[in-house]
Amino acid sequence: QVQLVESGGGLVQAGGSLRLSCTTSERTLRSYAMGWFRQAPGKEREFVAAISSGGRNTYSAASVKGRFTISRDNAKNTVFLQMNSLKPEETAVYYCAAAIVSGTNYAHTEAFNYDYWGQGTQVTVSS
């Protein structure tokens, strides 16, 4: 069982930045594609960004493209989400997820394809 723990959430003003981290003690993190999802109150969970297990391919939702960057450091068992120019409508709980993959150069953008999930970290963007 893979345990994922998110951190770095908090309160930030519109236009500000935050960096989220997802850390696991799982020694084989390099075997997983990783993704970030978010869920606002009363809304469905939505895809934010994903990164292949090898770290060389990334995917972002159109709404965050150019502002958010996903990266990973497999040696440190950590995945990051750098969020810049944050908007109030992006207030949500942000979740880290891991997907078992057979290749190193792709990742999933659908939540059902992920095998493990963290408990989430709250991000609040004020006007």
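The values are calculated or read from the model by the stated rules, or taken from the named source; none is laboratory data. These figures come from a predicted structure and were not determined experimentally. Because the Cβ atoms are built from the backbone with ideal geometry, glycine has one as well, and the counts that use them run over all protein chains shown. Areas reflect the complete protein model, heavy atoms only, side chains present, ligands, DNA and RNA absent. Shrake-Rupley method; radii C 1.70, N 1.55, O 1.52, S 1.80 Å.
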Column: log10 I(q)/I(0), Debye, Cα scatterers of segment 34-127, q = 0.24 Å⁻¹: -1.36
³J(HN,Hα), Karplus 6.51/-1.76/1.60, whole Hz, each residue of segment 61-68, x for Gly, Pro: 5, 4, 5, 10, 4, x, 10, 9
Longest site-free stretch - the chain; sites: GluC sites (Glu not before Pro), DSSP loop, at most 11 other Cβ within 10 Å: 45-109
Taking segment 1-117 and dividing mean pair separation by its residue count, relative contact order in percent (alpha carbons under 8 Å, at least six apart): 34
Projected label distance in nm at residue 57 and residue 5, using a 7 Å step from Cα toward the beta-carbon: 3.2
Reachable lysines from residue 76, criterion Cα separation under 29 angstrom, eight or more residues apart if same chain: 65
FRET efficiency, 1/(1 + (r/R0)^6) with R0 30 Å, evaluated for residue 27 and residue 71 via beta carbons: 0.90
For residue 65, solvent-accessible area (1.4 Å; no DNA, RNA or ligand), Å²: 150
